[in-house]
Amino acid sequence: MSGNPRAVPPRPRRDEDGADAPAAPRITTGELARLLGAEVVGPGDDAIELTGATLDSRSVEPGDLYCALPGARTHGARFASQAAGSGALAALTDPAGAQQCVRAGLVALVLDDPRAATARAAAAVYGDPSQRLTMIGVTGTNGKTSVATMLHRTLLSLGIPAGVIGTNGTEYRDGGGEDAEVTTVRTTPESPDLQGILARMLQSRVQVCVMEVSSHAMVLHRADEIAFDAVAFTNLSQDHLDFHPTMEDYFHAKASLFAPAHARVGVVCVDDDWGMRLARESLIPVTTFTTDPGRSADVVVEQVEPRAFGSSLRVREADGSTHDLRSQIPGMPYVANTVAVLLLLEAVGRSGPEVREAISSSGRVPGRMELVADEPVRGVVDFSHTEDALAKTLATLRAVPGTRRLLAVIGAGGDRDAGKRPHMGAVAADLADVVIITDDNPRSEDPASIREQVRAGVPADTTAEVHVVAGRERAIDLACELAHVGDTILLAGKGAETGQTIGDTVLPFDDRVQLRRRLPGSDAAPEDPDDAPTRPREGR
């Protein structure tokens with residue numbers, strides 16, 4: 001990125017002037033009600049013009065539509081007076097919330113299922129910005145952030161104004177070459193925030209937006225009304241079964257992105273059986289690819305050679321042509337990510353030697369197999385927080401030339417899928433020489449209980465040296481004390497996050513900073529100025 005990014009409001013206002021792209025026409029309450037099929041209840045007429053939308057009464061601005069939705073703990077209509085006091089003019093709500101909104105002085109647009117209509121409402125208020133941007137979506141258990149970040153950086157290196165929305169934050173480069181950041185909490189923001197961000201990008205003359213699409217987003221309708229030009233599926237493994245009842249439900253949430261209502265074409269990695277199934281069942285045309293020459297796919301990785309802390313690869317495309325690419329991160333998952341980036345760019349009309357060179361030079365991803373120190377002890381930070389991701393990360397690091405012992409610092413997030421915890425302990429004990437089980441983001445759970453659930457998966461006859469340490473900082477200290485020349489320390493689970501959630505408090509904590517303070521040689525891997533600070537995310 002060029003220069004220091006500036007923070008910007010997440011939503012444009014319709015009355016802004018300047019050289020940006022023209023704003024979409026305003027929409028009235030009556031027009032919106034007719035579009036949604038909503039009943040209009042309350043004061044005023046149907047000619048009230050709306051200029052923005054939000055789910056959060058604390059972020060209301062004058063002219064907004066306040067989406068007062070029923071929630072798991074409370075109803076958004078309880079905060080209608082606060083929204084009206086900040087300038088909201090209307091509310092989208094259900095029959096249970098209608099009268100509270102009307103008493104607050106808002107025009108109520110009433111539907112039985114307002115959440116399902118929120119994306120449509122927000123898109124209408126902001127003028128359907130995704131229709132005028134090139135939109136690329138990425139879904140899957142692992143690899144979303146890596147693919148999205150690599151795509152974004154590749155586009156910027158090609159001189160294309162582009163933005164990215166995902167786990168590592170939201171940022172974009174505008175048509176004038178200036179960089180901006182938008183504060184977001186979720187991997188895929190709520191639909192009013194998302195539509196407002198896209199409208200801001202459009203006004204700023206951004207051409208392409210790359211977006212991570214979580215399974216939560218599909219189920220909760222956050223990504224509805226986004227017109228994706230191309231979408232990719234990376235893989236599927238156990239995660240989020242605190243939200244999805246079964247793996248089948250989890251798969252269907254991901255697969256629902258591959259339908260004409262959401263996307264034009266798809267790219268599917270068929271390295272796992274879930275990808276093979278999606279390729280068969282997709283409702284849109286897809287290009288398949290694999291890193292396994294023994295599998296059948298449109299695009300095949302024919303050759304991979306380790307190159308220091310990275311790989312070189314040869315790809316055979318469906319027309320028989322071959323291309324040489326580089327991955328700046330080691331391991332087959334990042335080989336797959338590199339190919340996904342190539343095929344997504346081809347799907348939106350970006351191809352050729354210049355594009356392939358840009359892909360090869362844009363592969364570093366903050367918090368994803370990030371090399372913090374190289375010698376005498378190698379220090380790596382990675383987001384791997386599932387059994388599958390942790391296994392692949394440890395296997396990759398084991399294969400890096402010169403690796404002596406692997407020391408893995410692992411944990412598991414609280415208030416998330418507890419079923420994966422013992423599996424992570426088992427994988428770590430199987431593939432690492434030293435395992436230090438500690439805290440991730442415990443949230444409302446007892447950290448000691450989470451640690452014990454991870455430790456329970458470690459076999460009694462393991463040959464690994466296993467430690468259980470309360471406090472992530474103490475665990476990192478221990479790893480650095482135990483490491484010798486030639487060893488590799490992996491800090492797994494938090495990646496580029498700069499906070500740790502304990503109870504209701506987010507405390508400053510960055511695995512990369514902790515390693516740099518303790519490991520000699522970390523000056524050889526200085527912090528990337530483009531690394532975007534991130535907070536613990538909802539999906540983990």
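The values are calculated or read from the model by the stated rules, or taken from the named source; none is laboratory data. Keep in mind that what you see is a predicted model, and the values were worked out from it rather than measured. Ideal geometry is used to build each Cβ from the backbone, glycine not excepted, and the neighbour counts take in all protein chains shown.
Being touching a Leu at 6+ places or on another chain (Cβ under 6 Å) and of a type in the set (A, V, I, L, M, F, W, C) holds for only one residue in Ala426, Ala432, and it is Ala432.
Answer yes or no: is there a residue in segment 291-308 that is more than 21 Å from Gly402 (Cα to Cα), part of a strand (DSSP E or B) and in contact (Cβ under 8 Å) with a residue 40 or more places away in the chain. Yes, that holds for at least one residue.
Residues of segment 382-396 that are charged (D, E, K, R) and either assigned by TED's automatic domain parsing to the domain that holds Lys144 or within 18 Å of the chain's Cα centre (by Cα) (or both): Asp382, Asp388. Of the helices (runs of 4 or more DSSP H) that lie entirely inside segment 378-478, those containing 2 or more residues that are in contact (Cβ under 8 Å) with a residue 60 or more places away in the chain and crowded, with 24+ Cβ neighbours inside 10 Å span 387-399. Considering every residue within segment 334-346, establish whether at least one is part of a loop (DSSP other than H, G, I, E, B) and more than 19 Å from the chain's Cα centre (by Cα). No - not one qualifying residue is present in segment 334-346.
Restricting attention to segment 312-345, the residues being surrounded by 14 or more Cβ atoms within 10 Å (Cβ to Cβ) and more than 22 Å from Phe233 (Cα to Cα) number 1.
Tallying residues that are assigned to a loop (DSSP other than H, G, I, E, B) and either outside the structural domain of Ile197 (by TED's automatic domain parsing) or hydroxyl-bearing (Ser, Thr, Tyr) (or both) within segment 208-222 yields 1.
For segment 36-52, the set of residues classified as touching a strand residue (DSSP E or B) at 6+ places or on another chain (Cβ under 8 Å) and more than 17 Å from Ala104 (Cβ to Cβ) consists of Leu36, Ala38, Glu39, Asp46, Ala47, Glu49, Thr51, Gly52, listed by residue number. Among the residues of segment 229-243, those that are over 16 Å from the mean Cα position of the chain (by Cα) and within 17 Å of Leu133 (Cβ to Cβ) comprise Asp229, Ala230. Within segment 510-534, being modelled with pLDDT of 50 or more and either in contact with a helix residue (DSSP H, G or I) (Cβ under 7 Å, 6 or more places away or on another chain) or assigned to a helix (DSSP H, G or I) (or both) holds for Asp511, Arg512, Val513, Gln514, Leu515, Arg516, Arg517, Arg518, Leu519, Ser522. Does Thr438 satisfy the condition of being out of contact with any Phe, Trp or Tyr (no Cβ under 6 Å at 6 or more places or on another chain), at pLDDT below 95 and not small (Gly, Ala, Ser)? No: the conditions fail for Thr438.
For Ser384, state whether it is modelled with pLDDT under 95, of a type outside the set (D, E, K, R) and on the phi < 0 side of the Ramachandran plot. Yes, satisfied. Just one of the listed residues (Gly159, Gly137) is under 30 Å from Asp239 (Cα atoms) and either at pLDDT 95 or above or outside any helix (DSSP H, G or I) (or both), and it is Gly137. Considering only residues in segment 479-507 that are buried (at least 22 other Cβ atoms within 10 Å of the Cβ) and charged (D, E, K, R), the one that is farthest from Thr386 (Cα to Cα) turns out to be Glu497.
For segment 247-290, the set of residues classified as touching a residue at least 24 places away in the same chain (Cβ under 8 Å), outside any strand (DSSP E or B) and among the charged types (D, E, K, R) consists of Lys254, Asp271, Asp272, Arg277, Glu281, listed by residue number.
Any chance you could count how many residues in segment 156-202 are crowded, with 24+ Cβ neighbours inside 10 Å and over 28 Å from Asp510 (Cα atoms)? Going through segment 156-202 one residue at a time, the tally reaches 9.
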